[in-house]
Amino acid sequence: MALIFLDAQKAFDNVNWRFMLLQLTQMGFGEKFTQVIETIYHNQSAKVMINGELTESIDIKKGTRQGFPLSPLLFVLTLEMLNRIVREEKGIKGMKIRKEEYKLQAFADDLVFVLEEPLETASKLMEKIEEY
């Protein structure tokens, strides 16, 4: 058995907006809610102050908004797709307790994968992570 710990570095900064909106739709969030989120993330830009001077606008094309109350939820919903892929993959064997099989635990951007047969299943897990 092996535990594989994965910390998605800068995970909140790298959320793909199109993928996030697709997830909201696929998970059954209403059209109105999805449109509100799409509006919030449409045409984002920022300026940076350096030595008292503002830079030109910089287009922002990915990542969750800092300070936005729904950002943690949106990130977790986006990550849920990977969780589902791993749980449903027959080639990845998790730890069985009674009748339940446990393949992973997720805590925001920290993931712990539980592999019953790591030599046989680690490559399949890495393949799924890379696809995601």
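Would you be able to say whether some residue in segment 35-46 is touching a residue at least 40 places away in the same chain (Cβ under 8 Å) and either in a loop (DSSP other than H, G, I, E, B) or under 30 Å from residue 117 (Cβ atoms) (or both)? There is no residue in segment 35-46 that is touching a residue at least 40 places away in the same chain (Cβ under 8 Å) and either in a loop (DSSP other than H, G, I, E, B) or under 30 Å from residue 117 (Cβ atoms) (or both). For beta carbons closer than 8 Å, sequence separation of 6+ or different chains, a first residue in segment 120-132 that is in contact (Cβ under 8 Å) with a residue 12 or more places away in the chain and of a type in the set (Asp, Glu) and a second that is surrounded by 12 or more Cβ atoms within 10 Å (Cβ to Cβ) and not in a helix (DSSP H, G or I), the qualifying pairs are 120/93.
Conditions tested, residue by residue: (1) surrounded by 15 or more Cβ atoms within 10 Å (Cβ to Cβ); (2) within 19 Å of residue 12 (Cα to Cα); (3) not basic (Lys, Arg).
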| position | (1), (2), (3) |
| --- | --- |
| 34 | yes, yes, yes |
| 48 | no, no, yes |
| 70 | no, yes, yes |
| 111 | yes, yes, yes |
| 129 | yes, yes, yes |
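Go through the residues of segment 10-19 one by one and say whether even a single one is closer than 30 Å to residue 116 by Cα, surrounded by fewer than 13 Cβ atoms within 10 Å (Cβ to Cβ) and of a type outside the set (A, V, I, L, M, F, W, C). Yes, some residue in segment 10-19 is closer than 30 Å to residue 116 by Cα, surrounded by fewer than 13 Cβ atoms within 10 Å (Cβ to Cβ) and of a type outside the set (A, V, I, L, M, F, W, C). Filtered by the rule that a residue be under 29 Å from residue 72 (Cα atoms), part of a loop (DSSP other than H, G, I, E, B) and small (Gly, Ala, Ser), segment 91-128 gives 94, 108. Collect the residues in segment 37-46 that are among the hydrophobic types (A, V, I, L, M, F, W, C) and either surrounded by 12 or more Cβ atoms within 10 Å (Cβ to Cβ) or in contact with a Lys or Arg (Cβ under 9 Å, 6 or more places away or on another chain) (or both), keeping them in residue-number order. Selection gives 37, 40.
No value in this document is a laboratory result; all are computed from the given coordinates. Model, not experiment: these values are computed from the prediction. Virtual Cβ from ideal backbone geometry, glycine too; neighbours counted across all protein chains shown.
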